[in-house]
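Inspection log for the structure reproduced underneath, given as structure tokens.
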Amino acid sequence: MNIRKKIWLTFIGIIILAVLAGIVDYPAGPDIKIGSYFKELKIHLGLDLQGGTHLVYQADTSKIEEAEKASALEGVRDVIERRVNTFGVSEPVVQTNKSGDDWRVIVELPGVTEVNQAVEMIGKTPLLEFKKQPPPVELTPEQKQKIEEYNEEAKNKAQEILDQATPENFSTLAKEKSEDPGSQEQGGDLGFFKKGEMVPAFEQAIFEKAKIGQVYPELVETDFGYHIILKTEEKGEGENKEVKASHILIKKKSEADYQTNQGLINTGLSGQQLEKAYLQFNNQTGEAQVALEFNDEGKELFAQITEENIGNIVGIYLDGSPISMPRVNEKIPDGKAVITGEFSVTEAKELAQRLNSGALPVPITLISQQNIGASLGKISVQKSFFAALLGLAFLALFMIIYYRLPGLISVFALAIYTLLVVAIFKLWSITLTLAGVAGFILSIGMAVDANVLIFERIKEELESDKPLNMAIEEGFKRAWLSIRDSNFSSIITCVILAWFGTSLIKGFAITLGVGILISMFSAIIVTRTFLRLIAGNFLEKHPSFLGVKGVKKDDV
């Protein structure tokens with residue numbers, strides 16, 4: 001592939017990239033939706049541009065061990081974040097910050113005007129509660145009569161289906177008649193299972209009485225209802241014996257159906273009695289689980305609760321919302337419990353953190369409250385937008401007048417640069433604050449500065465009588481060293497500011513850093529490709545179009 005062809009391919013790639021960026025930038029453009037993944041593409045405005053409330057809380061960590069302070073603050077942050085979400089606030093920011101020995105929680109609520117309500121809800125101490133199922137309610141004679149009548153009707157219905165059932169039509173009947181939720185798709189197929197995986201009455205019929213390939217001639221009654229069973233296959237022997245079967249279920253009612261709507265009730269056990277919660281791993285399976293330890297008061301209460309609720313759920317609620325619903329398997333007398341489940345390490349850590357946020361409440365005190373009006377934010381956006389447009393217009397005019405054709409090329413390169421940067425802001429969901437806008441505008445200046453360096457070096461090469469193509473290549477080589485050194489030092493500064501700075505400083509550093517990286521791409525790839533394309537005999541003979549003072553080459 002010759003050089004000219006490579007230049008044209010690069011040019012086409014730049015145009016495609018610019019078009020894609022333009023699609024992303026378009027205000028009414030499409031969002032990203034791939035399967036269950038969805039990302040809304042829009043510019044996120046910070047509190048200072050959108051208006052809202054900025055709150056700073058001082059955390060009292062004097063009673064918390066040094067090693068647990070960060071975790072305790074993260075727990076508080078999690079609680080506040082969930083409380084803020086109940087407001088329906090769009091894009092709230094809740095973050096912790098450590099300055100020396102001071103720990104702070106910073107809350108930004110864009111669009112929130114009811115500051116007092118927000119302060120009241122955020123400032124509450126996290127409330128961790130353990131709740132149990134209420135005692136069963138004695139049914140009335142009428143309710144018991146209804147249950148009997150319902151079950152008798154269910155039994156008759158199941159018997160009618162049994163009378164019709166054959167191995168050939170079993171799947172069809174299951175799809176049409178069965179009240180098991182999975183039967184409509186699977187035709188009642190339960191797959192292979194061993195002893196111990198089904199309720200006893202069901203297993204006894206399947207493993208001891210039913211014959212392969214035949215519909216079991218009797219209804220099998222369990223706590224779930226009446227089953228019509230078709231045993232289809234079996235394999236293995238002894239403890240390894242497995243049976244494959246299908247069933248049709250007709251549900252029945254029990255007294256428990258009248259107990260389900262009462263909700264869980266408070267046990268009196270709360271975060272005050274919980275000493276700590278932490279992640280641990282099962283010694284045998286290696287699965288992540290969450291361990292709980294109660295103080296002396298909580299130990300007795302927890303023992304009583306677990307003794308009275310074996311087989312039932314004891315729900316754990318944080319600020320009224322359930323965070324875990326473990327089932328009690330046995331009485332726990334020593335105040336040390338373990339919540340098991342199919343937890344990932346991250347999920348187990350989060351649960352322990354939430355439990356600790358109730359067990360180790362960190363007192364927080366509001367030390368700063370700043371209310372920013374939406375009108376002020378709107379005015380700031382308008383002024384920033386106007387300043388950016390005015391600055392761009394003056395820059396474009398200067399570049400075209402001073403550098404002629406290269407100046408015009410730099411304006412196109414600057415337009416592509418702007419499209420790319422804004423697209424990254426939307427794709428990365430960068431929140432733009434006034435400081436962020438300042439970083440963006442500053443990066444525009446640096447992008448222009450890179451073009452100025454390049455054009456000046458090219459002019460010097462042309463004035464030393466080098467051919468245009470060679471002058472362009474040499475000019476880029478000489479300019480690149482200066483661009484690289486200055487931009488890399490700026491990028492290092494941005495990284496340091498983003499790493500250690502607060503939210504506003506981070507916003508400035510990130511937008512400036514993104515702008516610098518794209519400006520380097522714009523200067524070295526976009527501007528260079530455009531200049532290579534226009535290099536030809538005409539410009540060779542008329543260097544004044546390149547802003548070079550001198551006579552035409554024909555006259556030399």
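Sort largest first and round to whole Å: the equivalent ellipsoid semi-axes of region 92-227, each the square root of five times a Cα gyration tensor eigenvalue.
Details: eigenvalues 623, 104, 60 Å².
That gives 56, 23, 17 Å for the three semi-axes.
Using a probe radius of 1.4 Å on heavy atoms only, what accessible surface per residue do you get for the chain? Whole Å² is fine.
On the way: 30800 Å² over 556 residues.
That works out to 55 Å² per residue.
Amide H to amide H, which residues 5 or more places from Thr433 or on other chains are under 5 Å from it, using H placed in the peptide plane?
Gly46
Considering only DSSP beta bridges whose two residues both sit in the chain, what percent are antiparallel, to the nearest 5?
On the way: 67 of 69 bridges.
Just about 95 percent of them are antiparallel.
For the chain, just the Cα atoms, rotate onto the principal axes and tell me the three extents in Å, largest first.
113, 65, 46
Hey, any idea what % of the chain's accessible area is carbon plus sulfur with a 1.4 Å probe?
Working: 16890 of 30800 Å².
Its accessible area is 55 percent carbon and sulfur atoms.
May I ask you to derive the relative contact order of the chain, considering only C-alpha pairs under 8 Å and at least 6 residues apart, and to give it as an integer percent?
Values: 900 pairs, mean separation 99.3, N = 556.
Computed over the chain, the figure is 18 percent.
Over region 372-513, what relative contact order in percent results from Cα pairs under 8 Å that are six or more residues apart?
Working: 105 pairs, mean separation 34.7, N = 142.
Reported as a whole number, the value is 24 percent.
Kindly point out which whole DSSP H helices in the chain project their C-alpha atoms 30 angstrom or further along the helix axis while averaging a Kyte-Doolittle hydropathy of 1.6 or above.
3-25, 405-427
How large, in Å, is region 201-261 by the Kirkwood hydrodynamic radius built from its alpha-carbon pairs?
On the way: mean 1/r = 0.0780 Å⁻¹.
After inverting the pairwise mean of 1/r, the radius is 12.8 Å.
Would you list which lysines come within 26 Å of Lys276, measuring only between C-alpha atoms, while excluding same-chain residues fewer than 8 positions from it?
Straight-line reach from Lys276, under 26 Å: Lys63, Lys69, Lys98, Lys124, Lys131, Lys132, Lys299, Lys331, Lys336, Lys349.
Modelled label-to-label distance, Ile23 and Ala387, 7 Å Cα→beta-carbon offset: nm?
Reported label-point gap for Ile23 and Ala387 is 3.5 nm.
Can you tell me the equivalent ellipsoid semi-axes for region 220-339? Use √(5λ) from the Cα gyration tensor, largest first, whole Å. Walk me through the numbers on the way to the answer.
Values: eigenvalues 274, 101, 31 Å².
Square roots of five times the eigenvalues give 37, 22, 12 Å.
Normalised by the residues of region 113-272, what does the relative contact order come to in percent, with Cα pairs under 8 Å and at least six apart?
Numbers: 236 pairs, mean separation 50.6, N = 160.
It rounds to 32 percent for region 113-272.
Measure up Lys175/Lys211; Lys177/Lys241; Lys426/Lys477; Lys146/Lys244; Lys175/Lys253 against 28 Å on the Cα-Cα distance and list the ones that go over.
The answer is Lys177/Lys241; Lys426/Lys477; Lys146/Lys244.
Using helices alone, what [θ] at 222 nm do you get for the chain, with -39,500 (n - 2.57) per DSSP H run of 4 or more residues, divided over all residues and rounded to the nearest 500? Could the numbers behind the result be given before it?
Working: 17 runs with 272 residues, N = 556.
For the chain, the value works out to -16000 deg cm²/dmol.
List the chymotrypsin sites (Phe, Trp or Tyr not before Pro) in region 382-446 that DSSP assigns to loop (not H, G, I, E or B) and whose Cβ has at most 15 other Cβ atoms within 10 Å. Which are they? Can you show the working numbers first?
On the way: sites: Phe385, Phe386, Phe394, Phe398, Tyr402, Tyr403, Phe412, Tyr417, Phe425, Trp428, Phe440; in loops: Trp428.
Within region 382-446, the qualifying chymotrypsin sites (Phe, Trp or Tyr not before Pro) (loop, at most 15 other Cβ atoms within 10 Å) are Trp428.
At a Cα cut-off below 19 Å, give the aspartates and glutamates reachable from Lys466, other chains included and same-chain residues fewer than 8 away excluded.
Glu456, Glu474, Glu540, Asp554, Asp555
The values are calculated or read from the model by the stated rules, or taken from the named source; none is laboratory data. All values reported here derive from a predicted model rather than from experimental measurement. For neighbour counting, all protein chains shown are included, and Cβ atoms are generated from backbone atoms with ideal geometry for every residue, glycine included. Surface accessibility is based on the protein's heavy atoms, side chains included, excluding ligands, DNA and RNA. Shrake-Rupley method; radii C 1.70, N 1.55, O 1.52, S 1.80 Å.
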